[in-house]
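First the structure, in the form of structure tokens, and then the observations on it.
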Amino acid sequence: MKRLTITVLTAAAAISLAACSEKAQNESAEAANAVAADTSATTRNAVNDVDAATDKALNSAERTLDKAGAKLENSGDAAADATGNAMVAAGEKLRDKK
């Protein structure tokens, strides 16, 4: 939408430059330059906003993956401990039966 507006304004400025006096041509050129500057600033702001949102989303995803990895590691440790304890208990029972 903005690009269409800019294109229309630029085309109007170009047409007016061809058909008007030098003063009008200068005013049209100044207006076109102002529109171009505004467009450039708006584009820069949009890019910065997208970059910031992307960084935020990626950082959030990284934290989530780190938490999931820690939970898996803790679960694995707990399972290994439980298995080891069960094996020790089974070994003790076998030894006691002899």
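Extension gain, ASP66-SER40: 0.36 nm per intervening residue step, less the Cα-Cα distance, totals 5.5 nm. Modelled spin labels at ASN33 and THR54, positioned 7 Å past Cα toward Cβ, are 3.3 nm from each other. Taking the charge dipole of the range 52-98 about its Cα centre, with +1 at Lys and Arg Cβ atoms and -1 at Asp and Glu Cβ atoms, the residue from ALA79, GLY91, THR64 reaching farthest to the positive side is GLY91. Each 5 Å bin from zero holds the following percent of Cα-Cα pairs in the range 41-98: 3, 16, 9, 11, 8, 7, 9, 6, 7, 5, 4, 4, 3, 3, 2, 1, 1, 0.
Read the figures in this text as sums done on the coordinates, not as results from a lab. Fair warning: this is a prediction, and the values are worked out from it, not measured in the lab. With ideal geometry, Cβ positions are generated from the backbone for all residues, glycine too; neighbour counts draw on all protein chains shown.
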